[in-house]
Amino acid sequence: MLKKGSKLNSILTGSCPKCQNESMYSDKNPLHLTKVLKMNENCSHCGLKYQIEPSFFYGAMYVSYGLNVAVGIAAFIISFVFFKTTIEKSFLIIVISLIVLFPFVLRLSRNLYINMFVSYDPTAGQK
């Protein structure tokens, strides 16, 4: 499922979308909140510049919005429909789930966004 060369591998691991040999982030742990969006300038293996153009990742805000809406809807359905909580408790569960998943959604939205524009190249970085 997560074999090298698939978009899903690059999206879920945060690896370079072109060569998939190293992480795009300087700190792989998204729970280090001060470094959650700190990215390397280029891939040291294939040389891909991650910031393709100035303000490139502003577009990832739209992806993040969609992911957060999906998380909120999923949290509501799970809490209200399956666990039969009140509307107030469901709202609280939505807020808590959005706060807890915040660093993961940030990284996932950036990973999704850059993978929309850069495809895997098996020959990237080879001498």
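Is there a residue being of a type in the set (A, V, I, L, M) and in a loop (DSSP other than H, G, I, E, B) anywhere in region 19-32? I'd like the intermediate steps shown before the answer.
Of the residues in region 19-32, the ones of a type in the set (A, V, I, L, M) are 24, 31.
If we keep only those that are in a loop (DSSP other than H, G, I, E, B) too, we end up with 24, 31.
Yes, there is a match, as at least one residue in region 19-32 is of a type in the set (A, V, I, L, M) and in a loop (DSSP other than H, G, I, E, B).
Identify all residues within region 114-127 that are surrounded by fewer than 20 Cβ atoms within 10 Å (Cβ to Cβ) and not in a loop (DSSP other than H, G, I, E, B); write none if there are none.
Of everything in region 114-127, those that are surrounded by fewer than 20 Cβ atoms within 10 Å (Cβ to Cβ) and not in a loop (DSSP other than H, G, I, E, B) turn out to be 115, 116, 117.
Among the residues of region 1-18, write down those that are within 14 Å of the chain's Cα centre (by Cα) and assigned to a loop (DSSP other than H, G, I, E, B). Write out each step before concluding.
As a first pass, look at region 1-18 and keep what is within 14 Å of the chain's Cα centre (by Cα): 7-17.
14, 16, 17 - these are the residues of region 1-18 that are within 14 Å of the chain's Cα centre (by Cα) and assigned to a loop (DSSP other than H, G, I, E, B).
Somewhere in region 49-57, is a residue of a type outside the set (Phe, Trp, Tyr) and buried (at least 18 other Cβ atoms within 10 Å of the Cβ)?
Checked region 49-57: no residue is of a type outside the set (Phe, Trp, Tyr) and buried (at least 18 other Cβ atoms within 10 Å of the Cβ).
Scan (1) surrounded by 12 or more Cβ atoms within 10 Å (Cβ to Cβ); (2) within 30 Å of residue 126 (Cβ to Cβ); (3) within 15 Å of the chain's Cα centre (by Cα); (4) of a type in the set (S, T, N, Q) for the single condition residue 42 breaks and write down its number.
(3)
Kindly list, by first and then second residue, each pair from a residue in region 34-52 that is in contact (Cβ under 8 Å) with a residue 40 or more places away in the chain and under 22 Å from residue 105 (Cα atoms) to a residue that is part of a loop (DSSP other than H, G, I, E, B) and β-branched (Val, Ile, Thr), limited to pairs with Cβ atoms under 8 Å and residues at least 6 apart or on different chains.
52/118
From the list 37, 108, which one is within 22 Å of residue 7 (Cβ to Cβ), crowded, with 17+ Cβ neighbours inside 10 Å, within 19 Å of the chain's Cα centre (by Cα) and among the aliphatic types (A, V, I, L, M)? Spell out the reasoning first.
Values: 37 fails: crowded, with 17+ Cβ neighbours inside 10 Å.
Every option except 108 fails the conditions.
I want to confirm something. Restricting to region 102-119 and keeping residues that are touching a residue at least 12 places away in the same chain (Cβ under 8 Å) and aliphatic (A, V, I, L, M), which single residue is farthest from residue 53 (Cα to Cα)? Talk me through it step by step, then tell me what you get.
Initially, region 102-119 is screened for residues touching a residue at least 12 places away in the same chain (Cβ under 8 Å), giving 103-115, 117-119.
From what's left, aliphatic (A, V, I, L, M): 105-106, 108, 112, 114, 118.
Working: 105: 22, 106: 19, 108: 19, 112: 16, 114: 11, 118: 13 Å.
Looking at residues that are touching a residue at least 12 places away in the same chain (Cβ under 8 Å) and aliphatic (A, V, I, L, M), I get 105.
Determine which member of the set 77, 99, 93 is aliphatic (A, V, I, L, M), touching a helix residue (DSSP H, G or I) at 6+ places or on another chain (Cβ under 8 Å) and free of Cβ contacts under 8 Å to residues at least 24 places away in the same chain.
93
Restricting to region 74-101, name every residue that is aromatic (Phe, Trp, Tyr), part of a helix (DSSP H, G or I) and surrounded by fewer than 16 Cβ atoms within 10 Å (Cβ to Cβ). Give the derivation first.
Step one: list which residues in region 74-101 are aromatic (Phe, Trp, Tyr), which gives 76, 80, 82-83, 91.
Now narrow it down to the ones that are part of a helix (DSSP H, G or I): 76, 80, 82, 91.
Within region 74-101, 82 is the sole residue that qualifies.
I'd like to check something: does region 53-73 contain any residue that is within 30 Å of residue 114 (Cα to Cα), polar (S, T, N, Q), part of a helix (DSSP H, G or I) and free of Cβ contacts under 8 Å to residues at least 40 places away in the same chain? Before you say what the answer is, go through the steps one by one.
First, the residues of region 53-73 that are within 30 Å of residue 114 (Cα to Cα): 53-73.
With the extra rule that they be polar (S, T, N, Q), the set shrinks to 55, 64, 68.
Restricting the remaining residues to those that are part of a helix (DSSP H, G or I) gives 64, 68.
Restricting the remaining residues to those that are free of Cβ contacts under 8 Å to residues at least 40 places away in the same chain gives 68.
For region 53-73, residues within 30 Å of residue 114 (Cα to Cα), polar (S, T, N, Q), part of a helix (DSSP H, G or I) and free of Cβ contacts under 8 Å to residues at least 40 places away in the same chain: present.
Taken together, the values in this text are just the output of simple stated rules run on the coordinates, not laboratory data. Quantities reported herein were computed from a predicted structural model and do not represent experimental measurements. Here Cβ is always computed from backbone atoms with ideal geometry, including for glycine, and neighbour counts include all displayed protein chains.
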